[in-house]
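Worksheet for the structure shown next.
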Amino acid sequence: METGASHSLPSIPVTLTVNGERHRFELHPWVTLLDLLRGPLQLTGTKKGCDQGQCGACTVLIDGERINSCLKLAVSVDGAEITTVEGLGTPENMHPLQKAFLEHDAYQCGYCTPGQICSAAGLLAEGHAHSRADIRELMSGNLCRCGAYTNIADAVEEVMGNQAVLREAAE
Amino acid sequence: MRPFDYTRAETVREAVAALVANPEAQLLAGGTNLVDLMKYEVAHPAAIIDINHLPLRQIEELADGSLRIGALVSNAAVAYDSRVKERYPLLASAILAGASPQLRNAATTGGNLLQRTRCYYFYDPSSPCNKREPGSGCSAIGGVNRIHAILGASDKCIAVHPSDMCVALAALAATVEVEGPEGRRYIPFAEFHRLPGDHPERDNTLAPGEMVLAVRLEGNHFVPHHSYLKLRDRLSFAFALVSVAAAMDIADGEIVDLRVALGGVAHMPWRDSLAEAEFAGAPPTEETFRKVAVRLLAGAKGQGGNDFKIPLAHRAIVRALSQAAAGTPQDQTVKAFQ
């Protein structure tokens, strides 16, 4: 797959596994992971908010770790496994976090939601949160301009508390 | 972002050679600062040398008991490392006070040392800025300077270093291991960053072609008495207005060794080891800590918008030292004062 207009500019071979599917690209080195996901791959669940690492809307998992995809040059994660909100679950088979966000009405406009959910998935995998206060602190990289924070914390807390549900999702 | 050439270095030698061959090149690690600066066109390197494949992702124990943290170890990996938490809780605490979990997962140890100021004018290519464009002037002097320096500034630049991690590393007197065309050398942390003087475009003392390989930490006696206190406009995910890394060794009711490093107040983590030494033998009391604050801030100078930082820093120093003395370090989750 080719991104960018001119063939005179450098392009670099990159292989990425995105939501379990392997892709090969020839990329200009300045293409961010976010733009690759939303453009050529048409995975528009991941959102471009500030594009500066300040809002968390672009959060995805790289090799299981949550990061801001807007600040990652795609060429620099060659070989990585990327999980976006589309890879966590589908409307028919939702991830426990997706279910909990629905049940707790953990959004208004929904623009920050994919980043919130990917971030929460990273938080649960990290295992450093043990209380609601921990959740609030460790979700602070995701801003919600609608101010749904209380319900977001409720949703994450419910899933965190239900280790059985979590184990099932991991299988 | 402007186009650039891209190469991957597979060895440290290759990276150094590429840096020497192209002085306009920059190293790319986590990218959390460099990519941001490139988007703003504050940085527009002609070439990027991707060092993510270098074998610098380990935290190792050395024979002399010190810990060597590779330049590519993420900030999160350092903060949650069991050895760091046990032996250098001040460092773990400072890291967790900074940025967000996503940024800490991507940002590296070397990159944290090399991150650039968050001065609004530095970030705005349409404003004069001596750091971004030497000789163009400083817009912050006489401008909006709420976040700027109260110590060690020059008439060319009043920007501050934005790191939390580096404030703890300054207090712990870490060593920076670097490799360059002349070989390897070890830079005491206090000599790694620099004050702006007449050359604010230089943040540190790395020579051309040199790169950071690791940060080394020796053993210390500060585990029982330390605290990292960070004051900022919102409780999470904001840069420090003032931060204090406080540590002390107390024996028989007297301070044996005192360490105080300040963040958010100068072009580099601010530490005055001569001032610290004057308090050896003093009792670890609030009265002593007030004297420490007065001594450390004796040369402080406001720029108008940041005048509030001087009394704020005074109180923060007293508070952090009191927390350290009491063995009740500042919690980085529940940020109520203890």
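General remarks:
- Residue in the stretch B:243-261 that is outside the structural domain of B:VAL292 (by TED's automatic domain parsing), at pLDDT 95 or above, in contact with an Asp or Glu (Cβ under 8 Å, 6 or more places away or on another chain) and under 19 Å from B:LEU91 (Cβ atoms) present: no
- Consider the stretch B:21-42 and keep the residues that are part of a helix (DSSP H, G or I) and under 26 Å from the mean Cα position of the chain (by Cα). The one that is nearest to A:PRO13 (Cα to Cα) is B:VAL35.
- The set of residues in the stretch B:43-76 being assigned to a loop (DSSP other than H, G, I, E, B) and within 14 Å of chain A (Cβ to nearest Cβ) consists of B:ALA43, B:HIS44, B:PRO45, B:ALA46, B:ILE51, B:ASN52, B:HIS53, B:LEU54, B:ARG57, B:LEU72, B:VAL73.
- Across the stretch A:62-82, not a single residue is classified as free of Cβ contacts under 8 Å to residues at least 12 places away in the same chain, outside the structural domain of A:TYR149 (by TED's automatic domain parsing), hydroxyl-bearing (Ser, Thr, Tyr) and farther than 21 Å from B:ARG104 by Cβ.
- So B:SER93, is it of a type in the set (S, T, N, Q) and farther than 30 Å from A:GLU65 by Cβ: no
- Whether a residue is within 14 Å of chain A (Cβ to nearest Cβ), under 23 Å from the mean Cα position of the chain (by Cα), under 30 Å from A:GLU137 (Cβ atoms) and modelled with pLDDT of 95 or more was assessed, and B:GLN332 passes this test.
- Top-ranked residue of the stretch A:30-52 - restricted to ones that are in contact with a Ser or Thr (Cβ under 6 Å, 6 or more places away or on another chain) and within 11 Å of another protein chain (Cβ to nearest Cβ), ranked as surrounded by the most Cβ atoms within 10 Å (Cβ to Cβ): A:LEU33
- Cβ-Cβ under 9 Å pairs, at least 6 apart or on other chains, the stretch B:259-272 side under 13 Å from B:ASP164 (Cα atoms) and in contact (Cβ under 8 Å) with a residue 60 or more places away in the chain, far side among the basic types (Lys, Arg) and crowded, with 24+ Cβ neighbours inside 10 Å: B:GLY263/B:LYS230; B:GLY264/B:LYS230; B:GLY264/B:LYS309; B:VAL265/B:LYS309
- Residue match in the stretch A:23-39 (condition: touching a residue at least 60 places away in the same chain (Cβ under 8 Å), within 11 Å of the chain's Cα centre (by Cα) and at negative phi): no
The values are calculated or read from the model by the stated rules, or taken from the named source; none is laboratory data. Only a predicted model underlies this, so the values are computations on that prediction, with no experimental measurement involved. Every residue, glycine as well, gets a Cβ built from its backbone with ideal geometry; the counts of neighbours run over all protein chains shown.
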